[in-house]
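Beneath this line is the structure, given in structure tokens, with notes to follow.
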Amino acid sequence: MTDTTNKTDIDALNDITKVLIDSRKGYEKCAEIADESFGLRSQFQQRAKDREMLISRFQAQVRTFGGEPQTDGGALGALHRGFTQFASVFKDDKKAALEAIDDGEEHLANAIKDRLDKPELQSPSRDLLQEAYSSARSGEAFADSLTS
């Protein structure tokens, strides 16, 4: 493995880690504002825990490649959460939160797909990205099922 190959993998994994952190924070925010009807709070909490496990695995793989793992979310995620909080003042909190989750999961899936298009990614990175992609699509379907 060359340093260039590791750098490509480290960059891809760290880029997605930022978005995963934002996603985890989004689920945590939804858990805060969700009432316990229909078990939504526990579902949001579980999805946040699942994201935390993915984040830990991404960070461990970055360390394996000799890199410094990402520990903060992105500016876009912070902006999106801020907009969601602002929007929830004017709309039903639950609906705004679910729309934010749906948008965030779509953003995550698209970001992962962009990284998966890189043929030089090594197998461990590709496997993690595939798992995160499936998780994002599952999250998007979850949010869609609650808004329809």
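Remarks
- Between T4 and D72, the modelled label-to-label distance comes to 3.1 nm, taking each label 7 Å out from Cα in the direction of the beta carbon.
- The slack between D103 and E52, meaning 0.36 nm per residue of separation minus the straight C-alpha distance, is 16.4 nm.
- A crude spin-label estimate for the pair K113 and D11, with each label 7 Å from Cα along the Cβ direction, gives 2.2 nm.
- Using the Cβ-Cβ distance between E131 and I33 with R0 = 22 Å, the FRET efficiency computed as 1/(1 + (r/R0)^6) comes to roughly 0.20.
- Cβ-based net charge around L116, under 15 Å, with every Lys or Arg adding one and every Asp or Glu removing one: -3
- Using a cut-off of 31 Å between Cα atoms, the listed pairs K95/K118; K29/K113; K29/K118; K49/K95 include K95/K118; K29/K118 as exceeding that distance.
- When Y133, Y27 are sorted by how many other C-beta atoms sit within 10 angstrom of their C-beta, beginning with the fewest, the order is Y133, Y27.
- Extension gain for A141 to S123 (0.36 nm times residue separation, less C-alpha to C-alpha distance): 3.8 nm.
- Working note: Karplus 6.51/-1.76/1.60 with θ = phi - 60° gives the stretch 115-120 the couplings 6, 5, 6, 7, x, 7 Hz, where Gly and Pro are set to x.
- Ranked R51, R63, R137, criterion: other C-beta atoms within 10 Å, fewest first: R63, R137, R51
Just so you know, all these numbers are worked out from the coordinates, no wet-lab data involved. Treat the numbers as computed from the prediction; the structure is a model and nothing was measured. Virtual Cβ from ideal backbone geometry, glycine too; neighbours counted across all protein chains shown.
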